[in-house]
Amino acid sequence: MRKTLFAAAAALVLAASGAQAQTWPARPITMIVPFAAGGPTDIVARIIGEHMSRTLGQQIVVENVAGAGGTTGITRAKQASPDGYTIAMGHMGTHGAAPALYPNLRYDPAKDFEPIGLAAGTPILIVTKKDFPASNLKEFIDYVKANGMKLNEAHAGVGSVSHTTCTLLQSIIGAKFTRVAYRGTGPALNDLVGGQVDFGCDQIVNLVPQIQSKNIKAIAIATPERSPSLPDVPTTKEAGLPEYEVSAWNAVFAPKGTPKEITQKLVDALDKALSDDGTRKRLLELGGVIPEGAARGPQALQKLVESEVARWTPVLKAAGVTAQ
Ligand code: MLT
């Protein structure tokens, strides 16, 4: 008797969630951005979210949940109900570097999420305040080495993209500098423009307007080719530091257990956004790299997350940095 009742109840729950998935979305969807508003992850989330909202017929509302290099917001997304009404914009830091830096991390980037897809590749630039006494990478490295801890590098918290990529730079050039944490590189950039901090490593989509208006200086871009949005900025290879090549990425994730019908609708909506001329133009103008073909979709993202965790763990362990 008890078994039959239990089976009936389970069938009811399944039917209900099946029905829910079919009518999804019936109300706005929250997209958690694990950094402060105005920064690169927020910028990508809002550009992509705007078009996905149109496809899904419900608003995607960005909620900025900053802290601990992005792991606070991503932990919130992991713990959210897997009903399709909470998704998150993660990145190379939260879903690649974090496991090496947070021994007590409360999520597994490769197991605790339904990957939806890559949203944008974001090349990394070394940037300085506008009156920083260096006009090329060699002068920058010499000055950093000579002035070390007197210099303030701005980043978005341990394990963030800016922190991770400047940790790599620090290891390669063998210099120590003072590291200043912000809740995102949005606010960090304001202080760089204001001259309160000296330099940083950041994602291109956050920087193009300030570089074009010469409010900050771009020393080099850490990609094999120059960016079409910043044709005058040399690559690190051109500038004599070929070993410093690194790019970041931002991607959409849903909590583990979100029904397949719902994740498929999210995958389709993201794909449509990345194929939309207006959305593409906005990302490309900011130097974003749009994933094409096989680079899109959940399988490609799952592989990327696994390879990034495997890549960054030895690099960061060797650098001897941890959050706790
Ligand atoms: C942000 O949106 O502030 C960044 O993604 C921060 C970072 O990871 O460097």
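Going through the stretch 254-279 one residue at a time, which ones are assigned to a helix (DSSP H, G or I) and crowded, with 17+ Cβ neighbours inside 10 Å?
Listed by number, the residues that qualify are Ile262, Thr263, Lys265, Leu266, Val267, Ala269, Leu270, Asp271, Ala273, Leu274, Thr279.
Looking at the stretch 136-170, which of its residues are among the small types (Gly, Ala, Ser), surrounded by fewer than 23 Cβ atoms within 10 Å (Cβ to Cβ) and modelled with pLDDT of 95 or more?
Result: Ala146, single match.
Inspect the stretch 298-310 for any residue being touching a residue at least 60 places away in the same chain (Cβ under 8 Å), open to solvent by 70 Å² or more (accessible area, probe 1.4 Å) and assigned to a loop (DSSP other than H, G, I, E, B) and give the result as yes or no.
No, because not a single residue in the stretch 298-310 is touching a residue at least 60 places away in the same chain (Cβ under 8 Å), open to solvent by 70 Å² or more (accessible area, probe 1.4 Å) and assigned to a loop (DSSP other than H, G, I, E, B).
Quick check: anything in the stretch 204-219 more than 16 Å from the ligand (Cβ to nearest atom) and open to solvent by less than 10 Å² (accessible area, probe 1.4 Å)?
Scanning the stretch 204-219 turns up at least one residue that is more than 16 Å from the ligand (Cβ to nearest atom) and open to solvent by less than 10 Å² (accessible area, probe 1.4 Å).
Go through Val233, Val197 for me and flag whichever is over 23 Å from Gly90 (Cα atoms), open to solvent by 10 Å² or more (accessible area, probe 1.4 Å) and among the β-branched types (Val, Ile, Thr).
Checking each option against the conditions leaves just Val233.
Out of curiosity, is Arg54 free of Cβ contacts under 8 Å to residues at least 24 places away in the same chain, open to solvent by 50 Å² or more (accessible area, probe 1.4 Å), farther than 20 Å from Gly184 by Cβ and out of contact with any Pro (no Cβ under 9 Å at 6 or more places or on another chain)?
yes
With respect to Val161, determine if the residue is within 12 Å of the ligand (Cβ to nearest atom) and not aromatic (Phe, Trp, Tyr).
When the stated conditions are applied, Val161 passes them.
Quick check on Ala120: is it closer than 22 Å to Phe35 by Cβ, within 12 Å of the ligand (Cβ to nearest atom), of a type in the set (A, V, I, L, M, F, W, C) and touching a strand residue (DSSP E or B) at 6+ places or on another chain (Cβ under 7 Å)?
yes
I'd like the full set of residues that are in contact (Cβ under 8 Å) with a residue 40 or more places away in the chain and at positive phi, limited to the stretch 158-183.
If the condition is that a residue be in contact (Cβ under 8 Å) with a residue 40 or more places away in the chain and at positive phi, then Gly159 is the only one that fits.
Do we find that Ala222 is open to solvent by less than 10 Å² (accessible area, probe 1.4 Å) and in contact with an Asp or Glu (Cβ under 6 Å, 6 or more places away or on another chain) in this structure?
Taking the combined requirement at face value, the residue satisfies it.
The values are calculated or read from the model by the stated rules, or taken from the named source; none is laboratory data. Fair warning: this is a prediction, and the values are worked out from it, not measured in the lab. Every residue, glycine among them, receives a Cβ derived from its backbone with ideal geometry; neighbour counts consider all protein chains shown. Each accessible area value is taken on the protein alone, full model and side chains, heavy atoms only, with ligands, DNA and RNA left out. Shrake-Rupley method; radii C 1.70, N 1.55, O 1.52, S 1.80 Å.
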